[in-house]
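What follows is one structure encoded as structure tokens, with my remarks underneath.
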Amino acid sequence: MKAWMITQAKAPLEKFELETPQPTGSEVVVETAYCGVCHSDLHFWKGEYNMGGGKVMKLADRGVELPRAPGHEIAGRVVAKGPDAVGVEIGDMRVVYPWLGCGDCYYCDNGLDNWCRTPKGIGVVRNGGFGSHVVVPHPRYLADPGKVDPALAATYACSGLTIYSSLKKVMPLDPDAPILLIGAGGLGLMAVEMLKAMGHHNIVSVDIDPAKLAVAKEKGATTVIDSSSGNLAEMVTMAVGKVPAALDMVNNDHTARAALDCLDKGGKLVLVGVAGGELAISLATMIFMGWTIYGNLTGTPQDLHDVLELANAGKLAPTPLQRCPADQANQAMIDLKEGRVTGRAVLEWG
Ligand SMILES: [Zn+2]
Ligand SMILES: [Zn+2]
């Protein structure tokens, strides 16, 4: 098998020739057909996370050893399976649920693998879809894309289920009440599409890139705000008033603060992105306003099935995809870093 791997932080990915894995027990080997390129791949490549207060978390603190093939939005065909892998056949096209845990704790046993204390994420702790083959420990981490284009279905494994899981935290909402979405990249557009699928009518999308906002508008955002040259919270409240819910797809010192300042009484803020930093909270204000702040850690295997069901029901408009050959993995990462991707970049293998 081949794999584009991170060998050291910020250095160009290198192509490796690795031994093609042979499954044992309940393992399944998927030959990668498509792999979405996500902002978390960029953070991973950078090798550190801004934890706020001047603190930085390094990859080694996440249990990551290099070289590692990133990529956690994977769809491909099953090419081999161990003797205990039931419910899936060779040749099946499947989307891979990447947010694996230990497979044997309270969380993993109850379908909350994303909350496992010893995460073993594909494309993080295990090699991911920047490789031509991926080992999945059990068929329960595979989902059938049905009639959805597998290149698109692949992106539901991170951006799709992450947004679905985030929206579940703020729903139900009055369908006419404004919901604030900060960031109109892959996650932000997914949020617009999913809100429309859920029958929501008042969607406020904020970004600093007018091109991304134009796409958000086209996808169904009812209000778009370019916050590049103004005070984000003031611009939002001037346009739509206070909001009952906000999703911060950027999540840095500035955006999280602004999102909080937009919340109405009883408002809910979901932190989704991992730009990082810190947020000072007035504890008395939390009480007087009755606010809730959530951190969203991806989503569950069931969330992936639910998103695919929404998509197969024809309710979810497709995210625009920018397809490129897997051998352009480095370029795809740079394009994403420099903000040149509208929607989702997807690597194609084969
Ligand atoms: Zn991701
Ligand atoms: Zn576990």
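Here Val272, Val240 are screened, and the one residue that is under 27 Å from Ala75 (Cα atoms) and more than 16 Å from ligand 2 (Cβ to nearest atom) is Val272. Within segment 293-305, the set of residues being surrounded by 15 or more Cβ atoms within 10 Å (Cβ to Cβ) and in a strand (DSSP E or B) comprises Ile293, Tyr294. The numbered conditions (1) surrounded by fewer than 21 Cβ atoms within 10 Å (Cβ to Cβ); (2) within 16 Å of ligand 1 (Cβ to nearest atom); (3) among the acidic types (Asp, Glu) are all true for Asp104 except (2).
Lys46 satisfies every condition listed in (1) surrounded by 17 or more Cβ atoms within 10 Å (Cβ to Cβ); (2) among the charged types (D, E, K, R); (3) within 16 Å of ligand 1 (Cβ to nearest atom) except (1). Among residues of segment 113-135 being crowded, with 23+ Cβ neighbours inside 10 Å and not in a loop (DSSP other than H, G, I, E, B), the one that is nearest to ligand 2 (Cβ to nearest atom) is Asp113.
Highlighted here are the strands (runs of 3 or more DSSP E) found entirely within segment 8-73 that include at least 3 residues which are without any contact (Cβ under 8 Å) to a residue 24 or more places away in the chain: 55-58.
Read the figures in this text as sums done on the coordinates, not as results from a lab. Worth saying up front: this structure is predicted, and the values here are computed from it rather than measured. As a convention, Cβ positions derive from the backbone with ideal geometry for all residues, glycine included, and neighbour counts pool all protein chains shown.
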